[in-house]
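Student: Below is a structure I'd like to ask you about.
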Amino acid sequence: MFRFVFTGFAVLCLISLAAFSRDTQHPSLPGPPSWLDAHRVNAERLIKEAHADQFAWNRLAELTDTYGARLSGSENLARAIDWAVDAMKTDGFDNVHTERVMVPRWVRGSESLEMTHPPHHSIPMLGLGGSVGTPPDGLDADLIVVKNFDELNQRAADVKGKIVLYNVAYAGYGQTNVYRTTGASRAAQHGAVASLVRSIGPIGLRTPHTGNMTYAEGEPRIPAAAIPVEDAERLQRLVARGIRVRLRLRMGAHFEPDVESFNVVGEIRGSEVPDEVVLVGGHFDSWDVGAGASDDGVGCIVTWETARLMKKLGIRPRRTVRVVLFTNEENGTRGGTAYRDRYLKEAERHVLAIESDSGVFAPGRLGFTGPEGAVAMMREIGTLLAPLGFSEIGAGGGGADIGPIAAAGKVPMLAYQGDSNRYFTIHHTPADTVDRIAPEEVSKAAAALAVVTYVVADARERLPR
Ligand SMILES: [Zn+2]
């Protein structure tokens, strides 16, 4: 006990000494930027409040346990939207309302994939969003496996009448998902009858990953599905041994007419310049498997938290903080484009647009895209995140839902980026559930976003654009 007290005292002395010598011996050392000082206390309060309990994680669990997967056009999403409106009102937000958006309604239907030769083997699969289905009895065809588009083109003469499997090694999401999004039409060009893609993720857990795909104009529309990494490798090994592999694919996928959905909006109106807006949000829809926890329930919750924490602490910044839960990011981005269309005249009054759609798995970081002056200001704001252990705010702001309004108004963008390995391991799979996310990760993301949102909304000077 004594020892602890003594050590503590000694440390205090050292700190005072260090502060003293810094003041006296290095008067030229730059101190913290003075404009930030007015925001320090509230920044600390926001960080503390975000960690005071597990409110944000609990809200995410409530959302994903109650409503689960929230595909555009589904009843789950519609009911979750009603719940969010009520919850924002309970939080005491201003101007809580919904904004109507017509969204596509893609229905998976029942589906299966089997190997029928050599002996029977059932393969886990997920149809890709936007795919057409097979005839009701399914389709039977021989398999051809390729490693990339080059090999597909080289072997174009062998593709006709076959099911093409792209067994493409994961090289990062952006690089690999082109096989998911465009592979079907590229295969159809050469006469393939269906297209399979090895699931896009850094490791396989024998889990198929769904995701969106689109058809090229003028090519036949063939069914497209994803299979687990392990099954893609197995099929590759079989054909490499010269074995003829025959598959039967059945998919009930189809589109139904567009249906009404909504972006959910809630605000803290600014005290001095309410027409200037800091936009912050994520997408509320998800794929129809899993519970849309990391993609993107948690992005909605942590961006929503920015305003809830301010409200709870009685902080009303100079500018308006507008939380938007966007609909239909996954298979249409119609929420993001509807937002731009509605607020087009006010696009330039958006001071900053913030999106969280990369999960919150540690270690998280903040990425920013904006002009030089804004980068400098964000870097200064980033120093307030030191208690959270964040490195400097780096490059890489942006997001599918804030992209349209940002392009329209030259709006700087900030993104929360969680660890991508953990994120893409469960991305668009049945395993995207709240269990994988630690309460601390949610609190930390909420705290970081709350501080940045608050300071940009409250700063005397507008963030340069
Ligand atoms: Zn997403």
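The values are calculated or read from the model by the stated rules, or taken from the named source; none is laboratory data. Bear in mind that the values here come from a model prediction, so they are computed numbers and not experimental data. Cβ placement follows ideal geometry from the backbone for every residue including glycine, while neighbour counts extend to all protein chains displayed. For the accessible areas, the whole protein counts, side chains as well, though only heavy atoms, and no ligand, DNA or RNA atoms are used. Shrake-Rupley method; radii C 1.70, N 1.55, O 1.52, S 1.80 Å.
Student: Hey, any hits in region 236-254 for a residue that's within 16 Å of the ligand (Cβ to nearest atom), in contact (Cβ under 8 Å) with a residue 12 or more places away in the chain, more than 22 Å from G133 (Cα to Cα) and not acidic (D, E)? Even if it seems obvious, please write down each step before you answer.
Tutor: At the first step, the residues of region 236-254 found to be within 16 Å of the ligand (Cβ to nearest atom) are none.
No, the conditions are met nowhere in region 236-254.
Student: Sticking with this structure for a sec: Would you check which residues across region 26-62 are at pLDDT 95 or above, outside any helix (DSSP H, G or I) and either of a type in the set (G, A, S) or open to solvent by less than 80 Å² (accessible area, probe 1.4 Å) (or both) and list them?
Tutor: Of everything in region 26-62, those that are at pLDDT 95 or above, outside any helix (DSSP H, G or I) and either of a type in the set (G, A, S) or open to solvent by less than 80 Å² (accessible area, probe 1.4 Å) (or both) turn out to be H51, A52, D53.
Student: Within region 426-433, identify whether any single residue is farther than 19 Å from F326 by Cα, at pLDDT 95 or above, assigned to a helix (DSSP H, G or I) and open to solvent by less than 20 Å² (accessible area, probe 1.4 Å), and answer yes or no.
Tutor: yes
Student: Which one is nearest to the ligand (Cβ to nearest atom), of the residues in region 344-358 that are touching a residue at least 60 places away in the same chain (Cβ under 8 Å) and open to solvent by 20 Å² or more (accessible area, probe 1.4 Å)?
Tutor: Looking at residues that are touching a residue at least 60 places away in the same chain (Cβ under 8 Å) and open to solvent by 20 Å² or more (accessible area, probe 1.4 Å), I get D357.
Student: Restricting attention to region 265-288, report how many residues are assigned to a strand (DSSP E or B) and within 16 Å of the ligand (Cβ to nearest atom).
Tutor: 4
Student: What is the residue count in region 151-185 for residues that are of a type in the set (G, A, S), part of a loop (DSSP other than H, G, I, E, B) and open to solvent by less than 60 Å² (accessible area, probe 1.4 Å)?
Tutor: 3
Student: What are the residue pairs meeting all of these: first residue in region 285-309, first residue farther than 20 Å from V265 by Cα and at pLDDT 95 or above, second residue assigned to a helix (DSSP H, G or I) and near the ligand (Cβ under 9 Å from one of its atoms), Cβ atoms under 8 Å, and 6 or more apart or on different chains?
Tutor: Listed pairs, sorted by first residue: W287/D295.
Student: For region 315-328, check the following and say yes or no: at least one residue is over 26 Å from S294 (Cβ atoms) and open to solvent by 20 Å² or more (accessible area, probe 1.4 Å).
Tutor: Restricting attention to region 315-328, the residues satisfying the condition of being over 26 Å from S294 (Cβ atoms) are 315-320.
Going one step further and asking which of them are open to solvent by 20 Å² or more (accessible area, probe 1.4 Å), we end up with 316, 318.
Yes, because at least one residue in region 315-328 is over 26 Å from S294 (Cβ atoms) and open to solvent by 20 Å² or more (accessible area, probe 1.4 Å).
Student: Quick one: is A307 more than 29 Å from V411 (Cα to Cα) and either of a type outside the set (K, R) or within 13 Å of the ligand (Cβ to nearest atom) (or both)? Lay out the reasoning, then the answer.
Tutor: On the way: more than 29 Å from V411 (Cα to Cα): no; either of a type outside the set (K, R) or within 13 Å of the ligand (Cβ to nearest atom) (or both): yes.
Spelling it out, it is not the case that A307 is more than 29 Å from V411 (Cα to Cα) and either of a type outside the set (K, R) or within 13 Å of the ligand (Cβ to nearest atom) (or both).
Student: Can I ask one more? Name the residue that is most open to solvent (accessible area, probe 1.4 Å), counting only residues in region 186-204 that are farther than 27 Å from D432 by Cα and in a loop (DSSP other than H, G, I, E, B).
Tutor: Checked region 186-204; the qualifying residue most open to solvent (accessible area, probe 1.4 Å) is Q189.
Student: Looking at this structure, is I437 buried (at least 22 other Cβ atoms within 10 Å of the Cβ) and within 16 Å of the ligand (Cβ to nearest atom)?
Tutor: Numbers: buried (at least 22 other Cβ atoms within 10 Å of the Cβ): yes; within 16 Å of the ligand (Cβ to nearest atom): yes.
So I437 fits the description; yes.
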